[in-house]
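Written out below as structure tokens is the structure these notes cover.
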Amino acid sequence: MAVERSGTGPPIVLLHGFTQTGRCWGPLARDLGTEHEVVRVDLPGHGASAGVYAGIEASVGLIADGCGPSTYLGYSMGGRFALRLALDRPDVVERLILVAASPGLGDRNERAARRTADDQLADHLEQVGVEVFVHEWLDLPLFAGIHQAMRYEVERCTNTRAGLASSLRLAGTGAMEPLWDRLGEVTVPVLLITGGDDLKFTRINEAMAQRMPCADHVVVPDAGHTVHLERPAATAAVLHDWLGRTGVQAADR
């Protein structure tokens with residue numbers, strides 16, 4: 001699994017969303033790099049890890065072994081990975097930041113329907129190709145708030161049909177074991193971030209925060225699902241404040 005490191009200071013690992021790569025974090029990665037070692041991962045099926053086919057359980061093992069003890073920040077799909085990592089490998093997760101993420105689908109029928117939909121979406125991706133699929137993906141209402149410069153279309157199109165299809169089939173929301181009943185096991189400091197216009201995920205994260213013993217939930221106004229790309233300065237301010245309040249200095253590690 002491909003990992004890229006830059007900057008100095010306490011490490012923070014960035015886990016991206018579906019169709020993205022570790023280079024799709026926008027100004028946020030540069031901002032975090034002023035005080036941290038930023039570890040950008042290409043998750044299985046994406047970027048330089050396109051040939052790595054793995055479900056969530058196997059993926060978090062690769063992440064833990066490749067990145068080690070750190071603060072972990074995951075967006076959307078990457079947030080699902082980060083949450084599972086905190087449960088499976090608490091020895092490496094010092095703090096957890098989830099951006100527009102969820103613990104999965106608790107209803108068995110809803111989960112089965114989503115798995116079927118993910119499989120069909122993978123079939124469609126393989127038929128139309130990555131470039132067409134990426135344009136279709138970014139045209140979804142969920143991503144309507146992203147400015148053109150933050151869409152990272154060229155970078156997303158470096159992904160492969162086989163890689164993205166494997167991610168949908170092996171690590172999509174439908175394939176994910178729901179983690180709602182295990183949220184209370186996450187005892188490290190947790191920051192949940194959602195956009196004020198992303199009503200669905202804001203409701204999900206409100207419910208998550210009630211089940212997690214050390215969780216803060218911050219809603220960034222005037223932002224949708226891709227809150228860190230739509231309002232990077234506001235998101236960075238939230239992160240720096242929380243990291244400063246919950247962290248340990250490099251000398252204390």
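So what are the ³J(HN,Hα) numbers for the stretch 138-144, from phi and the Karplus equation (6.51, -1.76, 1.60; θ = phi - 60°), rounded to whole Hz, Gly and Pro as x?
Coupling constants for the stretch 138-144: 6, 7, 5, x, 4, 10, 5 Hz.
Angle, helix 77-88 long axis vs. longest principal axis of the chain, Cα atoms, 0 to 90°, nearest 10?
The answer is roughly 60 degrees.
Quote the charge dipole size of the chain about the Cα centre in Debye, to the nearest 20; the model charges only the Cβ of Lys and Arg (+1) and of Asp and Glu (-1).
The calculation lands at about 180 debye.
Starting from the Cα gyration tensor of the stretch 41-115, take the square roots of the eigenvalues, sort them a ≥ b ≥ c, and report rounded, prolate or oblate (rounded when a/c is under 1.5, otherwise prolate if a/b is larger than b/c, else oblate).
Oblate.
Treating the beta-carbon of each Lys and Arg as +1 and of each Asp and Glu as -1, no other charges, what is the dipole magnitude of the stretch 188-253 about its Cα centre, to the nearest 20 debye?
200 debye
Between Arg203, Arg115, Arg89, find the one with the highest GNM mean-square fluctuation for the chain; connect C-alpha pairs within less than 10 Å.
Arg203
Accessible area per residue, 1.4 Å probe, Å², for the stretch 12-71: what's the number?
That works out to 29 Å² per residue.
Work out from phi, with θ = phi - 60° and the Karplus expression 6.51 cos²θ - 1.76 cosθ + 1.60, the ³J(HN,Hα) of each residue of the stretch 27-42, listed in order in whole Hz, and give x for Gly and Pro.
x, 4, 5, 5, 5, 5, x, 6, 10, 9, 7, 8, 10, 9, 9, 8
By per-residue mean of other Cβ atoms within 10 Å, what is the highest-first order of 6-12, 64-70?
Numbers: 6-12: 17.6, 64-70: 16.0.
Peptide ranking by packing, descending: 6-12, 64-70.
What residue among Val132, Met212, Leu121 has its Cα farthest toward the positive end of the dipole of the chain, where the charges are +1 on Lys, Arg and -1 on Asp, Glu, each on the Cβ?
Farthest towards the positive pole: Met212.
Using alpha-carbon positions, what is the distance between the centroids of the stretch 139-206 and the stretch 8-86, in Å?
Their Cα centres are 12 Å away from one another.
Taking amide H positions as placed 1.01 Å from N in the peptide plane, with prolines and chain starts having none, which residues 5 or more places from Glu94, or on another chain, fall under 5 Å of its amide H?
For Glu94, whose amide H was placed from the backbone, the distant partners under 5 Å are Ser70, Thr71, Tyr72.
Output the 0 to 90 degree angle, nearest 10, between the alpha-carbon long axis of helix 56-67 and the longest principal axis computed from the alpha carbons of the chain.
Computed tilt is about 50 degrees.
For the chain, what D do you get in µm² per second when you plug the Kirkwood radius from alpha-carbon pairs into Stokes-Einstein at 20 °C and 1.002 mPa s?
Result for D is 119 µm²/s.
Give me, ordered by chain and number, the residues 5 or more places off Asp216 or on other chains with an amide H under 5 Å from its own placed amide H.
Hits under the 5 Å cutoff: Val190, Leu191, Leu192.
Ignoring any ligand, DNA or RNA, what whole percent of the accessible area of the stretch 73-123 comes from carbon and sulfur when the probe is 1.4 angstrom?
It is 41 percent, rounded to a whole number.
Can you list the residues, at least 5 places off or on another chain, whose amide H is less than 5 Å from the amide H of Thr21, using H built in the peptide plane?
Answer set, sorted by chain and number: none.
Given a 1.4 angstrom probe, what's the average accessible area per residue across the stretch 119-253, in square angstrom?
49 Å²
Report in % the part of the accessible area of the stretch 133-231 that belongs to carbon and sulfur, leaving out ligands and nucleic acids; probe 1.4 Å.
Numbers: 2440 of 4500 Å².
So the carbon and sulfur contribution to the accessible surface is 54 percent.
If you line up the long axis of helix 232-246 against the longest principal axis of the chain, both from Cα atoms, how many degrees apart are they, to the nearest 10?
That helix lies at roughly 40 degrees to the long axis.
Quick one: among Met208, Met77, Met150, which has the greatest mean-square fluctuation in a GNM of the chain with alpha-carbon springs under 10 angstrom?
Met150
The values are calculated or read from the model by the stated rules, or taken from the named source; none is laboratory data. In this text, all values refer to a predicted model and were calculated from it rather than measured experimentally. Cβ sites come from the backbone with ideal geometry, for glycine too, and all protein chains shown count toward neighbours. Accessible surface is based on the protein model in full, side chains and every heavy atom, while ligands, DNA and RNA are left aside. Shrake-Rupley method; radii C 1.70, N 1.55, O 1.52, S 1.80 Å.
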